[in-house]
Amino acid sequence: MILIKTADEIELLRKSNQLVSKTLAELAKYIQPGVSTERLDQIAEAFIRDHGAKPGFLGYQGYPKTLCTSVNSEVVHGIPSEKVVLKEGEIVSVDCGVIMNGFYGDTAFSFEVGEVSERVRSLLTTTRECLIRGVEQAVEGKRVGDIGHAVQTLAESKGYSVVREMVGHGLGHHLHEAPEVPNYGRRGIGPKLRKGMVICIEPMINMGRRQIQQEPDGWTIRAADNLPSAHFELAVAIDKGKADVLSTFEYIDEVLHKQSN
Ligand code: MF3
Ligand code: CO
Ligand code: CO
């Protein structure tokens, strides 16, 4: 069953997702060669608790950390560790969740570590654009398949591939609610989008082939061909004419643009 949220519930979901957005912007200040993903996790957990919320992933199905940090060919669900020290030219997807007032926030951004190659930068730019194309379809009266179709069309037009096994999802009192939101699909198929539905759209786009494999840690998902993979995620409320985007990358962009000036 796909739940319809009231206007008040959507405001609470906005608060949770805004906090995640601000947490990712805080992390942006620390993402550079030499930082461990464990340190990022500690910064995120402290920031979330200081703002009156709790980490949303910690303990979820036994997950041990606040963040998922997925480096280079890792697609999603990489586990932060003291042993993972970011290096110049790498990319890292940072996925963060909170729970506050009983509602989840869930947002992710793929960061460059120092300077990255033009090839890798294009993968990030395109994946972020895929997400925006998906968000443009997330309006009342369209269908879930319209979102996936928009994402897939752009990704494949650039020669990239779309991970199929993991999908976006509804968001609310639970981290993962109906409907599933695949990043591939056909126009006009799937559940109809109605005002008040809240979903996370989260394309996972591989530079090489779409196949993935799970690492022995039981969580980390990696591109089977070991080529780079990117992941961006926003939470949106379905509305008439235009999606109401509950998370934002604006705070992150502000930090990143300050750095390059
Ligand atoms: N944040 C992921 C998603 O976007 C889910 C992470 S579940 C965890 O849906 F247990 F790994 F944290
Ligand atoms: Co997420
Ligand atoms: Co999600």
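FYI, it's all coordinate maths here, none of it is from the lab. This is a predicted model, so every value here is computed, not measured. Cβ sites come from the backbone with ideal geometry, for glycine too, and all protein chains shown count toward neighbours.
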| query | Which of 229, 36, 21 moves most in a GNM of the chain, Cα contacts under 10 Å? | reply | 36
| note | By the C-alpha gyration tensor axes a ≥ b ≥ c (rounded if a/c is under 1.5, else prolate when a/b exceeds b/c, else oblate), the shape of the chain is oblate
| Residue-span extension gain [residue 101 to residue 136] - 0.36 nm each, minus C-alpha spacing | 9.8 nm
| field | Length-normalised contact order for the stretch 7-260 - Cα pairs under 8 Å, 6+ apart - percent | value | 23
| query | Relative to the present Cα-Cα distance, how much length would full extension add between residue 226 and residue 50 at 0.36 nm per residue of separation? | reply | 59.6 nm
| request: Subtract the Cα-Cα distance of residue 178 and residue 250 from 0.36 nm times their separation in residues, and report this length gain in nm to one decimal. | output: 23.2 nm
| task | With label points built 7 Å along Cα→Cβ from the Cα atoms of residue 3 and residue 60, find their separation and express it in nm. | result | 1.4
| Using alpha carbon centroids, what distance separates the stretch 200-261 and the stretch 56-73, in Å? | 14
| For the chain, modelled as a GNM with alpha-carbon contacts under 10 angstrom, which of 241, 170, 78 fluctuates the most? | 241
